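Peer 1: Before we start, here is the structure in question, set down as C-alpha cells.
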C-alpha cells in the first residue's frame, strides 16, 4: 500500500502511470506489501478466472519467485517500468532512489521484483523505447 499520496494520470511511458502529489525525499518508504490491501494469489486461481477478466487481472499482477501473483490493491498496480527508475522495488518494500519532485511519475525496474520480467529481460521494452 502506498505510504505517500499518489494519483493516476496519463503517462508518456504507457497509458497511465502513478504520480506523487508531494515531494519525496531519497530513501523514503513509499510502498510496502500490506496484507488485506494487497493480495497474494495462487496462479491457478488467477488462471481459472474467465476471460477477458482473467487476462486483465493478470496484467496488473507481478510474479513472486515462488510463482504466487501479487495484485496491488491501490495505485501501485499502475506503476510503469523504467530502466532508470526513481524507485527501488526489491522485496516487499519500495523506497525512493533519489529525491522525487511533486508531480513526477513514480517508476520502477520490473526485473527487480517480478520473476516473469526477470526471466524475459524485458526485451519488449528495449525495442519499444
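Peer 1: Just to be sure I understand, how many residues within region 82-91 are surrounded by 14 or more Cβ atoms within 10 Å (Cβ to Cβ) and either modelled with pLDDT under 85 or in a loop (DSSP other than H, G, I, E, B) (or both)? Write out each step before concluding.
Peer 2: The first filter runs over region 82-91 and keeps only residues surrounded by 14 or more Cβ atoms within 10 Å (Cβ to Cβ), leaving 82, 85-89.
Adding the requirement that they be either modelled with pLDDT under 85 or in a loop (DSSP other than H, G, I, E, B) (or both) leaves 82, 85-86, 89.
Matching residues across region 82-91 total 4.
Peer 1: OK, next. Exactly one of (1) surrounded by fewer than 14 Cβ atoms within 10 Å (Cβ to Cβ); (2) within 21 Å of residue 112 (Cα to Cα); (3) in contact (Cβ under 8 Å) with a residue 24 or more places away in the chain is unmet by residue 70. Its number?
Peer 2: Result: residue 70 passes all but (1).
Per-residue answers, yes or no, for (1) within 20 Å of residue 83 (Cα to Cα); (2) surrounded by 14 or more Cβ atoms within 10 Å (Cβ to Cβ); (3) over 16 Å from the mean Cα position of the chain (by Cα):
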{"site": "19", "(1), (2), (3)": "yes, yes, no"}
{"site": "33", "(1), (2), (3)": "no, yes, no"}
{"site": "53", "(1), (2), (3)": "no, no, yes"}
{"site": "63", "(1), (2), (3)": "yes, yes, no"}
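Peer 1: Name, by its number, the condition in (1) assigned to a loop (DSSP other than H, G, I, E, B); (2) under 22 Å from residue 101 (Cβ atoms); (3) at pLDDT 90 or above that does not hold for residue 14.
Peer 2: Of the numbered conditions (1) assigned to a loop (DSSP other than H, G, I, E, B); (2) under 22 Å from residue 101 (Cβ atoms); (3) at pLDDT 90 or above, the odd one out for residue 14 is (3).
The values are calculated or read from the model by the stated rules, or taken from the named source; none is laboratory data. Model, not experiment: these values are computed from the prediction. Here Cβ is always computed from backbone atoms with ideal geometry, including for glycine, and neighbour counts include all displayed protein chains.
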